[in-house]
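Q: Dropping the structure in here first, questions after.
Read the figures in this text as sums done on the coordinates, not as results from a lab. What you see is a predicted model; the values in this text were computed from it and never measured. Note: ideal-geometry Cβ built from the backbone for every residue, glycine included; neighbour counts use all protein chains shown.
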């Protein structure tokens, strides 16, 4: 599951602002945003690793 970088940025930014404003359920929103971002990072790792490897060929 790898989404568009704009979508990932919006989820991360929205979760951060929601948590910062301390709205109801802010802790859960912050946790779910962090989980989503971690999933996106893990999903993008293979492409990033291949890109770095291609630099050293």
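Q: What's the angle, to the nearest 10 degrees (0 to 90), between helix 26-55's Cα axis and the longest principal axis of the chain?
A: On a 0 to 90 degree scale, this one is about 10.
Q: How far is helix 5-20 tilted, in degrees, relative to the longest principal axis of the Cα atoms in the chain, given as a value from 0 to 90 rounded to the nearest 10?
A: 30 degrees
Q: Kirkwood Rh over alpha-carbon pairs of the chain, then Stokes-Einstein at 25 °C and 0.890 mPa s: what D in µm² s⁻¹, rounded to an integer?
A: This corresponds to a translational diffusion coefficient of 196 µm²/s.
Q: What value, in deg cm²/dmol to 500, does the helix sum -39500 (n - 2.57) over DSSP H runs of n ≥ 4 give at 222 nm once divided by the residues of the chain?
A: -28500 deg cm²/dmol
Q: Need one number: nm distance between label points at residue 4 and residue 49, each 7 Å from Cα along Cα→Cβ, rounded to one decimal.
A: Computed distance between label sites residue 4 and residue 49 equals 2.8 nm.
Q: To continue, here is another question. Relative contact order for the chain: what percent, with Cα pairs under 8 Å and sequence separation of 6 or more?
A: Relative contact order of the chain: 41 percent.
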